[in-house]
Amino acid sequence: YTGDVVCVDFKVEDFNNIVSTQYYIFWDTSILEFMSAMPMNLQPSQNYVVNGSQALGRIISTYYAQSVTTGYSVPDGTQILQACFKIKGNCEQSSPIYIDIDNSIDPPGPIEIIDAVTGGNQTGVNIGLLHTEGQVSVNCFDPNSITINMDDENVCPGETFTVDVKVEDFSQIA
């Protein structure tokens, strides 16, 4: 609903021996108003900085590990960031939330995921980022009706998967 606050969790996979990261998160400022962003689960925490700007419709996230030779690793599925927004949009509107380069600055702000220095390399390598665009939708519904929620699933072609379906307010249905 308009005025509600929604938080979006950012989780990682294959975050192994990462020395540094830099990326930009964008959204539609006419639908979402940036409230806060909380970095988490990367050490040392003082090396993980997140700054958001409603006016620019972007969050800048930067992190660097203590060691360039070992980097930092976390298990698959670890949440590294939570961004919260106040819904400004109307019923049935939605805003994408996505990671991209920042073309509003010169030179453009890149997406960088740098792995640990190995072998004879003196610098790590930008291994890139495979990311999935998210979306926040403004839902408006009859408070006397039931609510059905289905989880999003990311799968590869040919994989078998299940989708959890949850129902709320399912009582005295004739």
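Give me the net charge of G109's neighbourhood, meaning all other residues with Cβ under 15 Å from the Cβ of G109; Lys, Arg count +1, Asp, Glu -1.
-3
Taking the convex hull of the Cα atoms, report for the chain its projected area averaged over all directions, in nm².
13.8 nm²
N90 to I105: extension gain in nm, 0.36 nm per residue of separation minus the Cα-Cα distance?
Working it through step by step, the gained length comes to 2.3 nm.
Can you tell me how much longer the chain between F170 and M40 gets when fully stretched, taken as 0.36 nm per residue apart minus their C-alpha distance, in nm with one decimal?
43.2 nm
Please give the net charge around K86, taking every other residue with its beta carbon less than 15 angstrom from that of K86, where Lys and Arg add +1 and Asp and Glu add -1.
Here the charged neighbours net out to -2.
Highest mean first, how do 2-13, 30-41 rank when packing is the count of other Cβ atoms within 10 Å averaged over residues?
Taking the mean over residues of other Cβ atoms within 10 Å, the ranking is 30-41, 2-13.
How far is the Cα center of segment 4-22 from the Cα center of segment 61-93, in Å?
3 Å
We did not get these values from a lab; they are worked out from the coordinates using the rules stated. Bear in mind that the values here come from a model prediction, so they are computed numbers and not experimental data. Note: ideal-geometry Cβ built from the backbone for every residue, glycine included; neighbour counts use all protein chains shown.
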